[in-house]
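Asks: Got a structure for you, questions after.
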């Protein structure tokens with residue numbers, strides 16, 4: 001379902017033509033910006049087009065850094081793809097995202113959301129705390145966010161400002177977990193998949209399962225299945241050693257992806273969650289397995305984004321295919337019991353976001369004062385040098401002092417006078433009022 005775009009078309013008051021030394025009068029700072037797409041704004045068919053597999057994160061981060069001159073962090077999960085950075089041009093980020101995935105920005109914009117400054121800080125804290133997840137309060141997202149941050153650090157795309165932002169978000173998430181019951185009885189997508197299997201099969205202990213992948217999601221699925229008594233289990237992965245490591249000493253058989261087709265006629269369910277960019281289970285392969293199974297029904301649960309199982313498989317008889325989006329209703333179970341905790345968590349995040357924003361703004365004020373002082377000292381030295389040159393030509397000290405005062409006054413007044421006139425022309429009366437307040441000018 002399409003959603004209205006909330007890409008904001010801001011008409012920012014930016015004076016690019018102003019000389020560098022006069023930019024003090026309009027502090028053009030890079031704002032915190034998050035641009036993303038998630039399970040509430042786009043279906044899986046759209047989300048998979050902008051997903052970044054793990055091995056593509058570093059090249060993508062470096063591409064964004066080179067193209068946009070930014071430091072950034074990319075979070076890409078089955079439910080969301082988000083880019084966090086300090087930047088002021090959301091349209092440039094959208095254009096880069098589209099170009100990187102060979103998609104037109106116009107085709108993406110209906111599904112994109114964008115947050116700036118305080119709202120961006122708040123959004124990151126909500127994501128880290130599990131408040132923005134399909135599963136309210138789910139804990140996995142914090143680990144995914146920490147991993148995305150670590151990848152960006154290794155790629156060299158995290159600067160001091162981003163480091164401070166993410167470390168604060170991690171601290172806030174820990175505070176939410178400690179001071180609220182938000183994570184109590186939360187259901188992950190992995191556990192929801194097992195719950196779905198429980199509804200379809202009367203006893204999981206009598207069933208057999210094939211798990212494809214060897215990441216955290218499949219590890220969680222295996223844990224839940226074994227807790228429900230399932231012992232006939234195969235784990236298929238491109239790297240056999242990883243499948244063997246996931247099984248450990250527990251029940252099950254590790255196989256390669258090449259052996260996976262021959263296993264389909266032996267199992268009742270297939271649950272897959274790999275980082276493959278292309279489907280690994282197609283309609284033809286499933287059709288062949290169904291003939292071998294003599295039409296015994298097969299449950300397929302695809303937890304991957306991009307999807308591991310071709311969508312056309314759903315058209316086959318005796319096949320029940322579910323994607324991560326299909327699990328949405330299941331994972332809402334128990335949500336009401338966590339809504340009260342979520343209210344408390346929102347209050348914590350609101351307070352922490354305000355505090356972080358004020359701290360950042362105070363640091364920006366310090367930087368601005370330092371820039372102002374440097375600029376004024378430069379004007380002083382330039383003007384003093386001119387006056388000394390006048391004295392050396394034999395001009396009287398009185399005349400040289402008057403010339404110094406005139407030059408210094410004109411130079412100090414020039415930049416703000418030009419910018420204030422432009423501000424008035426553009427209707428930016430807030431800047432005019434700020435000038436009067438800054439210099440304590442009395443109203444006439």
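Every read-out reported here was derived from the displayed coordinates using simple, explicitly stated rules and does not represent laboratory data. What you are looking at is a predicted structure, and each value in this text was computed from that prediction instead of being measured. Virtual Cβ from ideal backbone geometry, glycine too; neighbours counted across all protein chains shown.
Asks: Which of 168, 217, 263 comes first, and how do the rest follow, when ranked by fewest Cβ neighbours within 10 Å?
Replies: Going from sparsest to densest Cβ surroundings: 263, 168, 217.
Asks: If r is the Cβ-Cβ distance from residue 425 to residue 179 and R0 is 51 Å, what FRET efficiency results, to the nearest 0.05?
Replies: 0.50
Asks: So what is the calculated 222 nm ellipticity per residue for the chain, using -39500 (n - 2.57) for each DSSP H run with n of 4 or more, over all residues, to the nearest 500 deg cm²/dmol?
Replies: -16500 deg cm²/dmol
Asks: Please state the relative contact order of segment 372-437 as a whole percent: Cα pairs under 8 Å, 6+ residues apart?
Replies: Worked out over segment 372-437, it gives 26 percent.
Asks: Suppose a student asked you for the relative contact order of segment 189-328, using Cα pairs under 8 Å spaced at least 6 residues apart; what percent would you report?
Replies: Reported as a whole number, the value is 23 percent.
Asks: In degrees, nearest 10, range 0 to 90: what is the angle between the Cα axis of helix 189-200 and the longest Cα principal axis of the chain?
Replies: With rounding to tens, the tilt is 30 degrees.
Asks: Provide 260, 269 in ascending order of the number of other Cβ atoms located within 10 Å of each residue's Cβ, fewest first.
Replies: Placing the least packed residue first, the sequence is 260, 269.
Asks: Once each part is reduced to its C-alpha centroid, what is the distance from segment 38-57 to segment 97-114 in angstrom?
Replies: 11 Å
Asks: Mind giving me the FRET efficiency for residue 159 and residue 40? R0 is 41 Å, r the Cβ-Cβ distance, nearest 0.05 is fine.
Replies: After rounding, the FRET efficiency stands at 0.85.
Asks: Could you tell me which of rounded, prolate or oblate describes segment 326-414, using a ≥ b ≥ c as the square roots of the eigenvalues of the alpha-carbon gyration tensor, with rounded for a/c under 1.5 and, failing that, prolate when a/b is larger than b/c and oblate otherwise?
Replies: prolate
Asks: Using a 10 Å cut-off around each Cβ, can you sort 134, 376 from fewest to most neighbouring Cβ atoms?
Replies: 376, 134
Asks: Using the basic label-point model (7 angstrom from Cα toward the beta carbon), what is the residue 382 to residue 102 distance in nanometres?
Replies: 5.2 nm
Asks: Contact order normalised by length for the chain, with contacts defined as Cα pairs under 8 Å and 6 or more residues apart; what percent is it?
Replies: Rounded, it is 15 percent for the chain.
Asks: Right, another one. Relative to the longest principal axis of the chain, what angle (0 to 90°, nearest 10) does the C-alpha long axis of helix 335-392 take?
Replies: That helix lies at roughly 30 degrees to the long axis.
Asks: Can you tell me how much longer the chain between residue 206 and residue 91 gets when fully stretched, taken as 0.36 nm per residue apart minus their C-alpha distance, in nm with one decimal?
Replies: That pair, residue 206 and residue 91, stretches by 36.0 nm at full extension.
Asks: For the chain, find the longest principal axis of its Cα atoms and tell me its angle to the long axis of helix 140-155, 0 to 90°, nearest 10.
Replies: Value to nearest ten degrees: 60.
Asks: Further question: Taking segment 236-348, how much of its Cα-Cα pair set, in percent, is spaced more than 20 angstrom apart?
Replies: Roughly 52 percent, rounded to a whole number.
Asks: Going 7 Å from the Cα of residue 328 along its beta-carbon direction, which residues of segment 138-167 have the amide nitrogen within less than 18 Å of the resulting point?
Replies: Flagged as within label range: 138.
Asks: In addition: Taking square-rooted eigenvalues a ≥ b ≥ c of the alpha carbon gyration tensor, is segment 372-437 rounded, prolate or oblate, where a/c under 1.5 means rounded and, failing that, a/b exceeding b/c means prolate?
Replies: prolate
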